[in-house]
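Asks: The structure is given below, and queries will be raised subsequently.
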Amino acid sequence: MKPALAFLRNSWRQLTSMRTALVLLFLLAIGAIPGSILPQRRLGETPVQQYFIENPKLAPVLDQLGFFDVYAAPWFAAIYLLLFTSLVGCVLPRLRDHVRALIKTPPEAPKRLERLPQHTVYGTHPTLDFKGWRKVRREHPDGSVTISAEKGYLKETGNLLFHSSLLVILAGVAIGAQWGWNGQRILIEGADKPFCNVLYQYDRPVLGPYVSASDLPPFCLELEDFQASYLENGQATSFEATVNGGQKFRVNHPLRLDGANVYLLGHGYAIEARYTDAAGRVQQVTAAFPDNNDMMASIGVLLFPDANGGDPKNQIGFEGIYLPTAEGASSLHPEERNPRLTLIPWKGDIGLDAGIPQNVYVLDTKRMTPFGERKTLKKGETQTLPDGSKLEFLGTRSFIAISVRHDPGEPIVLTGAVLLLVGLPLSLYGKRRRVWLRLHPDGTAEAGGLPKTDYPGFADEFEKVTRWQSTESFSPSR
Amino acid sequence: MAIDGVFLTLTVSGYMVAMLLHAADFAFGPQSHVARAAVRERELVGAGGPAVVEGAPHPYAAPEVEPSSEPRSRWLLPAALIVTVVAGAAHLATVLARSLEAGRMPWGNMYEYVMTGTLLATAIWLFMAVKKPGVRHLGLFLVLTQVLLTGVAGIVLRKPVAPLVPALDSVWYVVHVGSIITATGLFLVGFAASVMYLIRSGYDAGKRTWFYPYGRLLANAETAERLSFRLHALAFPIWTFGVAAGAVWAEAAWGRYWGWDPKEVWAFISWVIYAGYLHARATPSVSKRTAAWIAVIGWLTMMMNLFGVNIFFTGLHSYGGV
């Protein structure tokens, strides 16, 4: 039993030593690097899939080791948890010592004050003003009197505050991950395209383990208007979305609702089109075309699964490119100055019913055949397909990409950050120092000073503190 | 060419001239090898010229050069400093002109960011050169860095003036970028002081390869080390504040205070490394040289964040306009 205890105690000492902490800090820094180099799942699945295609051998191995979600990987957690354990092991004893130091009086003067970095002697008993110092006066049997004074406790207080606030931040992050949720989706303009805060309406919902679908606060959003303004060179200057009867929000100014915040992350054009099949049946769609570049050249698909009676062999789909200010194959400006929609028609199985997850902005043409010519349309123009069916480009609407989030850990993390910023300067710039004064029974006196931390200006302060404070006209011999 | 372009040309050429003067000071100044060689030769001639022991003299045995031995080259260091002041004034004019033309704070893209950060570094450096004459030789490292950074900013990164993109249109733009730039300027000068300390203390320990021979010309090791620590101790809380302000802004702009965007990752890495430096510096069992090397690594991570992340990675902080 005893060797085991000794082993444990030694391991604990090792873990809480500064060297270990430094090594762990470096490991943490190095461990964070792959997350900036390799594609991360939390930032989007597509680049990760791309990486798998480009590195078919390496990618599965990296995936096993958690390199595509580094900051949730067990080995990364191991580093920071060890670091925090080491931190606790360091902070707790220091906290105990500091509390003791705060309760206790400053220690007795050393026997030989002249050995201290600062020392001065007086020919008579001086009156020193230790204002702002924690001090204690001690009388001794030999008739001498010592005064011990100490200052700069805030340095250690700041140090402990700084390190404890890191624990507060960690707790806030953990609470946010357990009880927070978020989701993204696209919201198309118009009363017929509302979005309500239920789980299945999101593209990529992320729920903490302690959140269930029924916990989402009930609200609906309806995009009434979206305004974007641009410079002549196409650079955007402002975006603003209006929802639910005049509530406005924009980039940097989210819509703060009860229990959730709505952030404006992107915007684009949605294409409205009507397809009339050979039998005269009509289907109308409004499809968001995400932008592909700064000039809002946009790519998307128009799907008509109900065309030709909904027969999976005879569905109709269009690949489309939308250019708001068309000039040849590119767009010159993000505003709609010369809008053109170019469509490539396909016929066959769109694949919506197969239940295979797919990118909704790309047409899966594996089970389809080309159906007529590529054509470029203005708003209101119609394209006629070989079977006499028609596609009409009715117009465009705006759409916005929003992120809806709730993170209950935020106030805790913010509190931690504020405490950290209070503690840090105290810890870095605070200076712990002690001054002792000994009054000898023979009428002489001496003072000594000791800076407990790196403090180049201590000599000046010592000189000031130990200067003769009496109003009497003679000065002490020094 | 816009008015800031004229000042920019002046700035870069000014730093170049200052760099040449500093280099000349190293080569021909009163403490240089050339000057010492001249003195040694005179001594040898005077002694009648018997065979001399080859090899570098022992550092502590090296003859201290009389200040009057080479009077013509004593103006080089003051001249380098004056030219640095002129270049710094042109640098300030560049940033002001840009700011006035754009009608906003001058850090809307990578060119403006680099120019403002380096301007701060020059200001901090000149302040220290006035306060502590002993560190003036350090100017070579600083102006060399300035020539490289302002040169790259002017030639590669410069873009025409444009208003801010909507994502940057926030009060946090001033708070976050302002504090990050200030901390970066301080870290830059702190890095230069650490390099100076490493060279000087290496020289004192008898190293004579690479740059170590120049250690003899530098301020004493303890001064450089203390200076480096004070600069880092000042920069670190400002950096922490800048990162925290960025997190507050990120919450409003992107919906989360921290998302491991590449820029955030590297800001975190720099924070961890500099925290490591401060801990190492406060631990007696860790040598000051080890601590100084950590500070150098810290600066490399800063450079990685400024150039590497903007050029090689795509992320949410992509306003660089490279």
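What follows is calculated from the coordinates using simple rules that are stated; it is not laboratory data. Keep in mind that this is a model prediction, so the values were computed, not measured. Counting neighbours? That spans all protein chains shown, and the Cβs are built from the backbone with ideal geometry, glycine included.
Asks: Other chains' Cβ within 10 Å of B:249-255 residues: what's the mean?
Replies: 6
Asks: Hey, another quick one. In Å, what Kirkwood hydrodynamic radius results for segment A:233-272 from the alpha-carbon pair distances?
Replies: Kirkwood radius, segment A:233-272: 11.8 Å.
Asks: Can you give me the P(r) profile for the protein assembly as shown? Cα pairs, bins 10 angstrom wide beginning at 0, each as a whole percent.
Replies: 2, 10, 16, 18, 18, 14, 10, 6, 3, 2, 1, 0, 0
Asks: Residues of segment A:441-469 with amide nitrogen under 18 Å from the 7 Å Cα-to-Cβ point of A:TYR153?
Replies: Within reach of a label on A:TYR153: A:452-453.
Asks: Can I ask one more? If N is the number of residues in segment A:142-301, what value comes out of its Cα radius of gyration divided by 2.2 N^0.38 Å? Intermediate values should be presented prior to the final figure.
Replies: On the way: Rg = 26.8 Å, N = 160, 2.2 N^0.38 = 15.1 Å.
That ratio works out to 1.77.
Asks: Per the Debye formula with a single identical scatterer at each Cα and no solvent contribution, what log10 I(q)/I(0) holds for segment B:149-248 at q = 0.23 Å⁻¹?
Replies: -1.08
Asks: Sticking with this one: To make sure I understand the rule: partners must be aspartates and glutamates, Cα under 16 Å from the Cα of A:LYS464, and not fewer than 8 residues away in the same chain. Which ones qualify?
Replies: Reachable aspartates and glutamates: A:ASP129, A:GLU150, A:GLU446.
Asks: At 7 Å along the Cα-to-beta-carbon direction for both A:THR127 and A:ARG42, put a label point, then send me their distance in nm to one decimal.
Replies: Distance between the two pseudo-spin positions: 6.4 nm.
Asks: Here's a follow-up. For a quick check of your reading of the filter: which GluC sites (Glu not before Pro) in segment A:101-178 sit in a DSSP loop and have no more than 12 other Cβ atoms within 10 Å? If you can, show how the numbers build up before the last one.
Replies: On the way: sites: A:GLU108, A:GLU114, A:GLU139, A:GLU150, A:GLU156; in loops: A:GLU108.
Hits after loop and neighbour filter: A:GLU108.
Asks: Given R₀ = 56 Å, FRET efficiency for A:ASP192-B:THR283 by Cβ-Cβ distance, to 0.05? Intermediate results must be reported in sequence, preceding the final value.
Replies: Values: r = 66 Å, r/R0 = 1.19.
Approximately 0.25, to the nearest 0.05.
Asks: Work out, step by step, the length gained on full extension between A:LEU81 and A:PHE219: first 0.36 nm times the residue separation, then minus their alpha carbon distance; give nm to one decimal.
Replies: Value of the extension gain: 45.8 nm.
Asks: Further question on the same structure: Could you compute the net charge surrounding A:LEU92? Neighbours are other residues with a C-beta less than 14 Å from the C-beta of A:LEU92; K and R count +1, D and E count -1.
Replies: In short, +2.
Asks: Taking a spot 7 Å from the Cα of B:VAL248 along the direction of its beta carbon, which residues of segment A:167-192 have an amide N less than 19 Å from it?
Replies: Only A:168-170, A:172-173 fall inside the zone, counting backbone N under 19 Å.
Asks: Which distance in Å, rounded to a whole number, links the C-alpha centroids of segment A:76-146 and segment A:262-300?
Replies: Distance between centres, Cα-based: 72 Å.
Asks: Full extension from A:ILE53 to A:ARG100: what is 0.36 nm times the residue separation minus their Cα-Cα distance, to one decimal in nm? Don't jump to the answer; show the numbers that get you there.
Replies: Working: separation 47, 0.36 × 47 = 16.92 nm, distance 6.17 nm.
Here the segment from A:ILE53 to A:ARG100 would lengthen by 10.7 nm.
Asks: Given N residues in segment A:163-256, what is its alpha carbon radius of gyration divided by 2.2 N^0.38 Å?
Replies: Cα Rg divided by the expected 2.2 N^0.38 Å: 1.42.
Asks: Could you check the simple spin-label distance between B:LEU148 and A:ARG185, using points 7 Å along Cα→Cβ, in nm with one decimal?
Replies: So the two model labels end up 5.2 nm from each other.
Asks: Continuing with the same structure: Kirkwood Rh over alpha-carbon pairs of segment A:1-147, then Stokes-Einstein at 20 °C and 1.002 mPa s: what D in µm² s⁻¹, rounded to an integer?
Replies: Using the Kirkwood radius from Cα pairs, D works out to 100 µm²/s.
Asks: To continue, here is another question. Which FRET efficiency, nearest 0.05, do A:ILE33 and A:LEU265 yield, Cβ-Cβ r, R0 25 Å?
Replies: 0.40
Asks: How far is it, in nm, from the label point at A:GLU381 to the one at A:GLN64 when both lie 7 Å from their Cα along the line to the Cβ?
Replies: With each label placed 7 Å out from Cα toward Cβ, I get 5.6 nm.
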